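Read through the structure below, which is laid out as C-alpha cells, and then see the notes.
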Amino acid sequence: MSMQEQKKFISTIHPFDNLTNYELDDLVEELDIVYFKTNSTIQAQDSNPEFLYFVLKGLIQEKNDDEVLSVYSKGEIFDSVSLIKNFSKNSFVAIEESICYTLKKDTFMNILHSNQQLENYFFQSISDKLNNNILHEKNRDMANIMIAKVKDAKIHKAIITDTKKTIFEAATIIKQEKIPTLLLQDEHNDMYIVTDSDFRQKVILNRMSYDDLVVKIASKGLIYINEDDFLFNAQLQMAKYGLKRVVVKNDNDKIIGILDQISLSSFFATNTFAVSNQIINAETLEELKEASHSFIKIIKSLNAKGVKIEFISKLINQLNKKLLDKLYKLLVPKELLGKSCLVVMGSEGRAEQILRTDQDNALIISDDCNIEENELKNFTHNFTETLVDFGFPRCEGNIMVSNPYWCRRMSDFKELIYKWVNEPSGDHFMNIAIFYDALCVSGEIEMIKELKNYLFKISSHSQSFYSNFAKVINSFDVPLGFFDGFIFNNKDEKHKNELDIKRGGIFILVQGIRSLSLENKILNTNTTKRINALKEIRVLDEESAKELIMAFNFLTNLKLKSNLEKLDRKEKMDNYINPNNLTIMEKDLLKDSFKIVNRLKKKLESHFKLNYV
C-alpha cells in the first residue's frame, strides 16, 4: 500500500477518522507492516504490550487462558486497553494468516494526548461510547440541539404590572416597552399573562371597553422554566400544554423573561407546535386526522437534526396522547365522562413507540357508570375504526377497546387480573405484561393506578409468580456467537444475513426490566424510567443502569434508522437490520449492546432462578 492508501485505510477506522490530515500524515509515517502465520501468538497474556495493531487482513482471537473473548477482522484495532494500562490481561492469536499495521506504544500515546477526541474515546466506558456514537452519527453541521439552553435563545423582557390597570393602560405599556406580552400580579401574588393577540381577539372582536380592567382578558396558569434548562424541554412543555410561550426564571426564582415559539424557530425547523395546536383546536375528525398525518414529518426532521431518540419518543408520545385524548373526547358518550379511563399499552404505553405500528388500547369503566351496552359497543367500535382511518392499524391480537375483553368495568378487570396471576399460562403472563405497561391518555388516571396496585398486591403472594413471569426471556437468544460473530437464522430465506434486533436485544431488555420493576412494585411504564427507578432502590448499580439505558437507546435508534430508510423506499417496516449496512463502529457497538443484554439475561437467570422454573 502507498502512504496515501494507508492514510485512507486508517481514516475509515473510528475514532481515527477524527484526526486532521496532518495528524494522519504523522501517524502513517510511523506505521510498520507485520505478517503473522496461522496460530502464531501476536501478544502474550500477562505481557507488557508494545504496539497498537490495525488488522489489514485475517482474523485475530483475543483469549483469556482457553476462553475466546473476541475476534478482530479487517478494519478493526487491538489492544488499546492493554497499551493504556501497560499490561496485557489477555493473549492475541492469529487463527489464520494475518497482516497488521503496527503503531508503537509511545507514538500511540503521544497521538492520544494531542487529540482530545481520541483521548476521550479510548478512556470512555461502553455506555459512553454508545451515547457518543449517536451524537457522532447525527450531529454533523448543527449546534447540538440537546445542549442548547433556554438562555441561548432570544428571551423577551418581562414587564410585570398590577391587575388594576385598564385595557388602555396595558396596551400603552406594551407599545412603549415594545414587547408582545405583559405579566400581571394581583395582591395574592398570583400571576396572569396578557398578549397582543388577546387585545385583537378578545377586546376588538368582543367590542370591550378600553376602560375595563385588563385582567378580564388575561390568562392564568403560567408555565415556568429555568434559564439553564434545555431548550428542548421548553419545546416539550409548549407541546404538552398547547402554549405559545413559557415564563423564564433564574436560580433565585426570579422572573427574567418570556420565551415564545418564534424564539425556538432558529433551533427547531419542525412544525411541532403547529401540529400540537392543530390537535387542541380540532373540532372535527377530519381536522384531527390531518394533524395526525404530520407526525412522520416531525420524526424525520428531528432525527435528521441529531435529536436523541429518547427526546423524539417523549415529543411524539406527547402528541400521541393529545391526539387520543382529543379523539376520545370528540366521540365519547356523556355517560363515560368522569367514569372511565382510556389507556394505551405495549410500546405506546411505555412511550417508546415512535413510528406507528398497531393499536394496543383498553377502556376501564367505573362500576357505577350508567351506559347501555349497545351504546358502549357502538362507541368502542367507532373509536377503533376511526383510529384505523387515521393510520393506526388494527392489532393482530385484537388488543383494542372494540374487543370486550379489553373493555370492562373496574371490578371485572380486578377479577381478570386475579385470574391472570392465579391461573398461570403463557397467554396470562403476556396479558400481565401488556397491562402493566398501560398508560392513561384520557379520563380518570386513578383508575389505572388502582388496578396496578391491585396487581402488585395479589402478585406479591408468591415468588414463583415473578420467576414464571420473567422466564419468557429464555425463549429468546442474543444473536452473538462464541467468537463475537453475529448469528443469523439461515432457515429464514426472506431475512437471510439479517438480525431481528427486537427479538435478540430490545425484547429481552424490556421484559427483563419489566420483570424486576413488577417485582419491586414500580408504577413507571417507560423502560428508561424503570431502569432509573431500579437504580434508585439499588436493584441495579449505577454503571449497569447507564449501560442498559445506552444499549436500549442504541438498539432503538438502529431500528428507527432502518425503518425510516424502509419508509423512504416504500417497504414494509420490521425489526430486521443487515449488519453489512453498518459502519465498523456501529457493528462494534451493536456487539457491545448485545453483550450488555446478555449480562442482564444472566443476572435475571440467577435472580429469578430461571433454570429451575
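Key figures
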item: Per residue value of the accessible surface for region 522-613 (all protein chains in place, 1.4 Å probe), Å²; result: 50 Å²
item: Taking the chain and dividing mean pair separation by its residue count, relative contact order in percent (alpha carbons under 8 Å, at least six apart); result: 11 percent
item: Cross-link pairs Lys471/Lys502; Lys240/Lys329; Lys535/Lys591; Lys314/Lys521; Lys85/Lys105; Lys57/Lys496 - those with Cα-Cα distance over 19 Å; result: Lys535/Lys591; Lys314/Lys521; Lys57/Lys496
item: Spin-label model distance (nm) - Asn453 vs Leu355, 7 Å beyond Cα toward Cβ; result: 4.0 nm
item: Dimensionless Rg/Rh of the chain - Kirkwood Rh, Rg from C-alpha atoms; result: 1.03
item: Length added when fully stretched, His381-Asp412, from 0.36 nm per residue minus Cα-Cα; result: 9.2 nm
item: Centre separation in Å (Cα based) which lies between region 375-409 and region 549-613; result: 31 Å
item: The chain: angle of helix 272-281 to the longest principal axis, Cα-based, in degrees nearest 10; result: 30 degrees
item: Where labels lie 7 Å past Cα in the beta-carbon direction, separation of Arg538 and Thr41 in nm; result: 4.4 nm
item: Residue among Ile159, Ile296, Asn520 farthest towards the positive dipole end of the chain, charges placed on Cβ; result: Ile159
item: Separation of alpha-carbon centers, region 89-105 and region 309-365, rounded to whole Å; result: 54 Å
item: Cα gyration tensor, region 65-115 - rounded (a/c under 1.5), prolate or oblate; result: oblate
item: Nearest 10 degrees, 0 to 90: helix 426-436 Cα axis against the chain principal axis; result: 60 degrees
item: Shape category assigned to region 1-130 from the gyration tensor of Cα positions, a/c cut at 1.5; result: oblate
item: Furthest towards positive pole of dipole, Asn474, Gly221, Val246, structure part the chain, Cβ charges; result: Gly221
item: Gain on full stretching of the segment that runs from Arg207 to Ile280 - 0.36 nm per residue minus C-alpha separation; result: 23.7 nm
item: Mean projection area, nm², convex hull over Cα of region 472-613; result: 9.6 nm²
item: Peptide ranges 465-476, 210-221 listed from the most packed, as the mean C-beta count within 10 angstrom indicates; result: 465-476, 210-221
item: Sites Thr583 and Lys8 - FRET efficiency at Förster radius 22 Å, r taken between beta-carbons, to 0.05; result: 0.90
item: For region 329-487: accessible area per residue (Å², 1.4 Å); result: 44 Å²
item: Of all accessible heavy-atom area on the chain, the percent that carbon and sulfur account for (1.4 Å); result: 47 percent
item: Residues of region 187-263: accessible area per residue with a 1.4 Å probe, Å²; result: 56 Å²
item: About the Cα centre, charge dipole magnitude for the chain (Lys/Arg +1, Asp/Glu -1 at Cβ), debye; result: 1020 debye
item: Peptide ranges 344-351, 491-498, 355-362 listed from the most packed, as the mean C-beta count within 10 angstrom indicates; result: 344-351, 355-362, 491-498
item: Which of Phe488, Ala362, Leu327, positive extreme of dipole for the chain (C-beta unit charges); result: Leu327
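The values are calculated or read from the model by the stated rules, or taken from the named source; none is laboratory data. Note that the coordinates shown come from a computational prediction; the quantities given were computed from them, not determined experimentally. All Cβ positions, even for glycine, are placed from backbone atoms using ideal geometry, and neighbour counts span all protein chains on display. Just the protein is used for accessible areas: all its heavy atoms, side chains included, with ligands, DNA and RNA removed. Shrake-Rupley method; radii C 1.70, N 1.55, O 1.52, S 1.80 Å.
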